[in-house]
Amino acid sequence: MTGMATDCLFCKIVAEKIPAMFVYEDELCVAFADINPQARTHVLIVPREHVASMAHLAPKHTALVGHLMAAAAEVARRNRLDERGYRLVVNTGVEGGQTIEHLHIHVLGGRHMDWPPG
Ligand code: 5GP
Ligand code: ZN
């Protein structure tokens, strides 16, 4: 396994040491339902590699980030969110509201989203 952080909750979910409701997976990422959903659809797209946040991206991660965005769009499509729309969120750092220090994209859909976010 590439770059697993032993203390990281999402690394443990990726390694299936902690259970989660997987809805999608491929060689670079997994997707599972958020345990505390904020919309009818609330899925997290998580790279298998431990990258702490957007602020920790290195040049080698550029293709991975594109892959995660494409996976998010695929998960949205599978949840039939294309027509009415959806929101992707990447909380980053303390002021960004990030609580789990393993990069993830929130896929939120099934209700109207407000702007600006809180
Ligand atoms: P953040 O606040 O870092 O952007 O998002 C972390 C998300 O992870 C939160 O929406 C939270 O509900 C979710 N989460 C925290 N612990 C668990 C867990 O054990 N399992 C799952 N499926 N989601 C979790
Ligand atoms: Zn991790």
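The values are calculated or read from the model by the stated rules, or taken from the named source; none is laboratory data. Bear in mind the structure is a predicted one, so any value in this text is a computation, not a measurement. Cβ coordinates were reconstructed from backbone atoms using ideal geometry, including for glycine residues, and neighbour counts include every protein chain displayed.
If you filter region 75-118 down to residues that are part of a loop (DSSP other than H, G, I, E, B) and β-branched (Val, Ile, Thr), you find that the one that is surrounded by the fewest Cβ atoms within 10 Å (Cβ to Cβ) is THR99.
Give VAL43, VAL23, VAL30, VAL14 a once-over and let me know the one that is on the phi < 0 side of the Ramachandran plot, within 15 Å of ligand 2 (Cβ to nearest atom), in contact (Cβ under 8 Å) with a residue 24 or more places away in the chain and of a type in the set (A, V, I, L, M). Sole residue among the options that is on the phi < 0 side of the Ramachandran plot, within 15 Å of ligand 2 (Cβ to nearest atom), in contact (Cβ under 8 Å) with a residue 24 or more places away in the chain and of a type in the set (A, V, I, L, M): VAL14. Residues of region 90-109 include at least one that is within 16 Å of ligand 2 (Cβ to nearest atom) and charged (D, E, K, R).
Could you pull out the residue among ALA72, ALA63 that is assigned to a helix (DSSP H, G or I) and crowded, with 16+ Cβ neighbours inside 10 Å? Exactly one of ALA72, ALA63 is assigned to a helix (DSSP H, G or I) and crowded, with 16+ Cβ neighbours inside 10 Å, namely ALA72.
Filter region 1-51 for residues that are among the polar types (S, T, N, Q) and exposed (fewer than 14 other Cβ atoms within 10 Å of the Cβ) and give the result. Within region 1-51, THR2, THR6, ASN36, GLN38 qualify. Put simply, of GLU74, GLU95 the only residue that is in contact with a strand residue (DSSP E or B) (Cβ under 9 Å, 6 or more places away or on another chain) and charged (D, E, K, R) is GLU74. Exactly one residue out of VAL23, VAL14, VAL43, VAL30 is within 15 Å of ASN91 (Cα to Cα) and at pLDDT 95 or above, and it is VAL43.
Conditions (1) β-branched (Val, Ile, Thr); (2) within 19 Å of GLU27 (Cα to Cα); (3) within 11 Å of ligand 1 (Cβ to nearest atom), marked per residue:
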{"position": "VAL65", "(1), (2), (3)": "yes, yes, no"}
{"position": "ARG80", "(1), (2), (3)": "no, no, no"}
{"position": "ARG84", "(1), (2), (3)": "no, no, no"}
{"position": "ARG87", "(1), (2), (3)": "no, no, no"}
{"position": "GLU95", "(1), (2), (3)": "no, no, no"}
{"position": "GLU101", "(1), (2), (3)": "no, no, yes"}
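Annotation: of all residues in region 1-51 being of a type in the set (Gly, Ala, Ser) and within 13 Å of ligand 1 (Cβ to nearest atom), the one that is nearest to the chain's Cα centre (by Cα) is ALA31. Taking the conditions exactly as written (loosely packed, with under 14 Cβ neighbours inside 10 Å, in contact (Cβ under 8 Å) with a residue 12 or more places away in the chain and within 15 Å of ligand 1 (Cβ to nearest atom)), does MET54 satisfy them or not? For MET54, the condition - loosely packed, with under 14 Cβ neighbours inside 10 Å, in contact (Cβ under 8 Å) with a residue 12 or more places away in the chain and within 15 Å of ligand 1 (Cβ to nearest atom) - is not met.
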